[in-house]
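Report on the following structure.
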Amino acid sequence: MVKIMVKIEKITENKKQFLDLLLLADEEENMIDKYLPDGDLFALYDDDLKSVCVVVPIDKETCELKNIATYEKYQGQGYGRALIKYISDYYKKDYQTMLVGTGETPAILSFYESCGFGKSHRVKNFFTDNYDHPMFDGDIQLVDMIYLKKDL
């Protein structure tokens, strides 16, 4: 049996080197530029880079997972789940709640729910108001932002 050696690092410099991966989860670079400079970027390695995520503070009690992405060929292998577990443990000493916002895509919503998030609230027309073109996940057009929250 081979032991998988997953390593997660907090990246503090040259965060844009991960742009190709960040763009998988948020396809407009100008939106990423709004949260990447002040966000904490974490990279998960298993031999090579598999996943990244960005977390930003909202207030004294709440942080938000703004972006999480895994290279397509590694999706479904537990890397995203491992990253969420890691950041949940990492932030529980500083925050009470973690938010995550996503489109209304059943597979993604059920992934977050399986990681301990529950539905919180909805921001109407977020994707149509904030992106310069229609956003799709597969054949589902993204309109509202669905927020989920998790107690840390």
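What ranking of 28, 72, 9 comes out by heavy-atom accessible area, probe 1.4 Å, highest first?
Numbers: 28 15, 72 140, 9 65 Å².
Of 28, 72, 9, the descending order of accessible area is 72, 9, 28.
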Practice problem: Over every pair of different alpha-carbon atoms in the chain, take the mean of 1/r and invert it; report that Kirkwood radius in Å. | Solution: 15.9 Å
Exercise. May I ask you to give the percent of accessible area on segment 27-152 that is carbon plus sulfur, with a probe radius of 1.4 Å?
Key: 47 percent
Exercise. Could you tell me the accessible area of residue 88 in Å² (1.4 Å probe, neighbours in place), rounded to the nearest ten?
Key: 10 Å²
Exercise. Go ahead and run the numbers for FRET between residue 131 and residue 6, Cβ-Cβ distance against an R0 of 35 Å, rounding to 0.05.
Key: 0.60
Exercise. Under a 10 Å cutoff between Cα atoms, tell me which one of 54, 100, 123 has the largest fluctuation in the Gaussian network model of the chain.
Key: 123
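If the chain between residue 86 and residue 114 were fully stretched, how many nm would it gain, using 0.36 nm times the residue separation less the Cα-Cα distance? The partial results should precede the final answer.
Working: separation 28, 0.36 × 28 = 10.08 nm, distance 1.49 nm.
Length gained, residue 86 through residue 114: 8.6 nm.
Could you provide, to the nearest whole Å², the per residue accessible area of the chain with probe 1.4 Å? If you can, show how the numbers build up before the last one.
On the way: 8690 Å² over 152 residues.
On a per-residue basis, the chain sits at 57 Å².
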Quiz prompt | Placed amide H near residue 137: partners under 5 Å, 5+ positions off or other chain | solution = 142
Quiz prompt | By accessible area with a 1.4 Å probe, ligands and nucleic acids excluded, highest first: order of 15, 73, 119 | solution = 73, 119, 15
Quiz item: Spin-label point model (7 Å from Cα, Cβ direction): what's the residue 96 to residue 29 distance in nm?
Solution: 4.0 nm
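By accessible area of protein heavy atoms, probe 1.4 Å, what ranking do 147, 90 get, highest first? Let's see the in-between values first.
Values: 147 25, 90 65 Å².
The residues order as 90, 147, largest area first.
The values are calculated or read from the model by the stated rules, or taken from the named source; none is laboratory data. None of the values given here were measured: they were computed from a predicted structure. Ideal geometry is used to build each Cβ from the backbone, glycine not excepted, and the neighbour counts take in all protein chains shown. Calculation scope for accessible area: heavy atoms of the full protein, side chains included, ligands and nucleic acids excluded. Shrake-Rupley method; radii C 1.70, N 1.55, O 1.52, S 1.80 Å.
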